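What follows is a set of notes on a single structure, which appears directly below.
What follows draws every value from the coordinates through simple rules; no lab data is involved. Note that the structure is a prediction, hence the values are computed from the model and not measured. When we count neighbours, we look across all protein chains shown, and the Cβ atoms used for this are built from the backbone with ideal geometry, even at glycine.
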Amino acid sequence: MELYLDTADVAAVKRLARIFPLSGVTTNPSIVAQGGQPVWQVLPQLQEALGGQGTLFAQVMGRTAEQMVSEARQLHQRVPGIVVKVPVTAEGLAAIKCLKQEGIPTLGTAVYGAAQGLLAALAGAEYVAPYVNRVDAQGGDGLQMVRELQSLLKLHAPQAKVLAASFKTPRQALDCLLAGCEAITLPLDVAQQFLSAPAVEAAVVKFEQDWKQAFGSTDL
Ligand code: E4P
């Protein structure tokens, strides 16, 4: 499977790349804006934070297919190996088709429905990113959307992968993996929550206490 961090926080990527088996980093315009650094500055820093390995994802801002394609070409030229995120609108689908012909890899983003995601895959996107928590927050069923999308891609567009996105809890992410998603991207707080159960630290402290009581120190 592929595990990504959904962030533009360079220091956090550096810290977590030591701990997690990261496949790379995904960003979106809101995430980059939050970091305050222009995308052209932050992308090389993220690459360095990953130790020069791993895939970066950055999104186009244009609203027409022509603008999206032109921005995707720039991203592809300046950041080798980048996967270009394209919102799955009507124009976005036209852009994905064109970028596929040019050999520029894409991820169809802002996916709120299984059929929408399937269209991105059929247009040639390498990845499709369903927004799990945002669908849940609208009163929908994010996991069900992911399950349907998984099945649709398997049947009709097996070259495309679901990269499940938009999580607020580790449970949502875990459920997507159990549903068969090959890739997920985690915001920093959710990534940290995987390791932050208080019971884990309490268990380690108790081992130390028992050892120290018997042998006078915590040395092995
Ligand atoms: C993925 O493509 C999106 O950028 C991201 O995961 C959205 O997450 P959010 O709903 O937490 O903003």
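Things worth noting here:
- Test result for VAL25, in contact with a helix residue (DSSP H, G or I) (Cβ under 7 Å, 6 or more places away or on another chain) and assigned to a strand (DSSP E or B): yes
- When GLN150, GLN144, GLN159, GLN138 are checked against the criterion of being over 21 Å from THR27 (Cα atoms), in contact with a strand residue (DSSP E or B) (Cβ under 6 Å, 6 or more places away or on another chain) and of a type outside the set (Lys, Arg), a single residue qualifies: GLN150.
So that you can scan it fast, the table gives a plain yes or no per residue for (1) touching a residue at least 60 places away in the same chain (Cβ under 8 Å); (2) on the phi < 0 side of the Ramachandran plot; (3) of a type outside the set (Phe, Trp, Tyr):
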| position | (1), (2), (3) |
| --- | --- |
| LEU118 | no, yes, yes |
| ALA125 | no, yes, yes |
| VAL146 | no, yes, yes |
| SER151 | no, yes, yes |
| LYS161 | yes, yes, yes |
| ALA173 | no, yes, yes |
| ILE184 | yes, yes, yes |
| GLY216 | no, no, yes |
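- Restricting the search to helices (runs of 4 or more DSSP H) fully inside segment 142-220 and requiring at least 3 residues that are touching a Ser or Thr at 6+ places or on another chain (Cβ under 7 Å) gives 198-215.
- Flag if ALA33 is buried (at least 17 other Cβ atoms within 10 Å of the Cβ) and of a type in the set (Gly, Ala, Ser): no
- Of the set (1) under 22 Å from TYR4 (Cα atoms); (2) more than 11 Å from the ligand (Cβ to nearest atom); (3) buried (at least 23 other Cβ atoms within 10 Å of the Cβ), all apply to LEU143 but (3).
The rows are residues; the columns are (1) surrounded by fewer than 23 Cβ atoms within 10 Å (Cβ to Cβ); (2) touching a helix residue (DSSP H, G or I) at 6+ places or on another chain (Cβ under 9 Å).
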| position | (1), (2) |
| --- | --- |
| GLN59 | no, yes |
| GLY62 | yes, yes |
| GLN67 | yes, yes |
| HIS76 | yes, yes |
| VAL79 | yes, yes |
| ALA90 | yes, yes |
| GLN101 | yes, no |
